[in-house]
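To keep things clear, I will list the structure first and then write my remarks on it.
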């Protein structure tokens with residue numbers, strides 16, 4: 001598998017580690033003033049970092065699919081096995097997380113120095129929590145794939 005798996009793992013560790021850090025930060029910062037001081041400084045740094053990590057994850061994932069000969073059978077519904085099932089589920093979840101990340105990033109960058117509207121708060125928090133939770137399900141399928149391959 002070579003360098004692609006290492007790049008994929010480093011990006012995944014960075015992505016999930018950052019999400020866990022921000023989740024803990026969000027829980028621990030209850031004071032609104034503290035949030036207003038911290039998030040405008042950390043948010044953009046993590047936002048750009050998150051975008052790079054996601055691009056690395058998707059690119060290295062495509063390379064891994066191609067290098068393992070899974071591209072040709074991925075969309076063939078006649079082929080059924082644990083690897084293909086796990087990969088299909090993982091890719092659907094990655095697509096959902098990617099959309100949630102775009103929604104969350106757009107709202108966050110648009111409202112970095114101003115108060116979010118009620119809808120922006122709901123979409124931002126829901127996408128953030130969705131990303132956080134789905135990351136662990138994606139990790140589960142990644143472990144299944146790694147064990148099988």
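Values in this text are rule-based calculations from the coordinates and carry no lab data. Predicted model only: the values in this text are computed from it and were never measured. Because the Cβ atoms are built from the backbone with ideal geometry, glycine has one as well, and the counts that use them run over all protein chains shown.
Some observations on this one:
- Burial ordering of 116, 32, 121, 90, fewest other beta-carbon atoms within 10 Å first: 32, 121, 116, 90
- Considering only 60, 128, 72, the mean-square fluctuation computed in a Gaussian network model of the chain, springs between alpha carbons under 10 angstrom, is largest for 72.
- Between the alpha-carbon centres of the stretch 11-76 and the stretch 102-142 there is a gap of 11 Å.
- For the pair residue 3 and residue 70, label points projected 7 Å from Cα toward Cβ lie 2.1 nm apart.
- Identified option (computed Kirkwood radius over Cα pairs in Å; candidates [x] 15.4; [y] 16.7; [z] 18.0): [y]
- Gain on full stretching of the segment that runs from residue 102 to residue 149 - 0.36 nm per residue minus C-alpha separation: 13.8 nm
- When the chain is treated as a GNM with alpha-carbon contacts under 10 Å, the residue of 130, 18, 69 showing the greatest mean-square fluctuation is 69.
- Radius of gyration over Kirkwood radius for the stretch 12-74, both on Cα atoms: the Rg/Rh ratio is 1.21.
- Largest GNM mean-square fluctuation across 127, 28, 14, computed for the chain with C-alpha springs under 10 Å, falls on 28.
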